[in-house]
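Report on one structure; see the data block that follows.
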Amino acid sequence: MPTAEHGKGLKKRAEQWVKFSLLPPVCAAVIRAVAWSMRWDTRGHEALDGLYREGRNVIFAFWHAQQLMTPIGYRGRGLHVLISRHGDGEIIARIVARFGHEAVRGSSTRGGAGALRALIKLARSGRDLVVTPDGPKGPRHVAKPGVIHLAKATGLPIVPAAIACSKKNSLRAGIATWSHTRFPEASFCMGIRSGSRAKPMKPRSRRLAWSLRRSSIV
């Protein structure tokens, strides 16, 4: 007869399979479906396009709650996303991989030094980097100095980015929930360097982008 210990082992393996094998493709499909269901309006990309024309790469800075929407609106040569080493980080890394991007694992508490060295090497090879200045443990929307250290070490400009929806029903992961109104509007906003011009943002989008820019250096 199966023992209680054997039953616990089976349950644990089933949970691991759901988390790491089933959840990532399902989440990736949901992100693609949500992106398809919306009318997207990218704001502030002129300065970024100028950097790409100069052959430069950048550091994108998203708040942690919007990390899973990183692939939306990206038009560069490939992203490397800094993701923590905890269990939820592994799920996020597998979701990001389904969009053709790669993860660099590490955080301020685990593997930070190794992750910083890897990011510097990737930056020198011409890759765009993605970091979440407030990190998984917060405080929410308070930037930590890690992104500044990375910018100094690589010489790359920081591009603050934010995603906002016309609806208020959004999840913590930054994914807009389904609504009765098809094709709600969404904006992908990026920070702009001095002297660059962009179309006016909607108030909601402007507040998100400005709150991130205040805590970062472009």
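The values are calculated or read from the model by the stated rules, or taken from the named source; none is laboratory data. As the structure is a prediction and not an experimental result, all values here were calculated from the model. Reconstructed Cβ throughout: ideal geometry from the backbone, glycine too, with neighbour counts over all protein chains shown.
Only one entry in 23, 119 is under 22 Å from residue 156 (Cβ atoms), part of a helix (DSSP H, G or I) and in contact with a helix residue (DSSP H, G or I) (Cβ under 7 Å, 6 or more places away or on another chain), namely 119. Just one of the listed residues (35, 28) is under 15 Å from the mean Cα position of the chain (by Cα), closer than 22 Å to residue 97 by Cα and at pLDDT 90 or above, and it is 28.
For residue 140, are the conditions met, namely being loosely packed, with under 15 Cβ neighbours inside 10 Å, touching a residue at least 60 places away in the same chain (Cβ under 8 Å) and under 18 Å from the mean Cα position of the chain (by Cα)? It is true that residue 140 is loosely packed, with under 15 Cβ neighbours inside 10 Å, touching a residue at least 60 places away in the same chain (Cβ under 8 Å) and under 18 Å from the mean Cα position of the chain (by Cα).
Within region 120-137, can you find the residues that are aliphatic (A, V, I, L, M) and either surrounded by 21 or more Cβ atoms within 10 Å (Cβ to Cβ) or closer than 15 Å to residue 89 by Cβ (or both)?
Just the residues of region 120-137 that are aliphatic (A, V, I, L, M), to begin with: 120, 122-123, 129-131.
Scanning region 120-137 gives 123, 129, 130, 131.
Within the set 98, 94, 85, 127, the sole residue that is in contact with a Gly (Cβ under 8 Å, 6 or more places away or on another chain), modelled with pLDDT of 90 or more and more than 21 Å from residue 162 (Cβ to Cβ) turns out to be 127.
Of the residues contained in region 28-44, one or more are found to be surrounded by fewer than 12 Cβ atoms within 10 Å (Cβ to Cβ) and touching an Asp or Glu at 6+ places or on another chain (Cβ under 7 Å). The residues of region 140-166 that are aliphatic (A, V, I, L, M), modelled with pLDDT under 90 and part of a strand (DSSP E or B), listed by number, are 161, 162, 163, 164.
Looking at residue 47, is it closer than 22 Å to residue 154 by Cα, touching a helix residue (DSSP H, G or I) at 6+ places or on another chain (Cβ under 6 Å) and either surrounded by 16 or more Cβ atoms within 10 Å (Cβ to Cβ) or of a type in the set (Val, Ile, Thr) (or both)? So residue 47 fails the test.
The residue that is surrounded by the fewest Cβ atoms within 10 Å (Cβ to Cβ), among those in region 65-82 that are at pLDDT 85 or above and over 20 Å from residue 26 (Cβ atoms), is 79.
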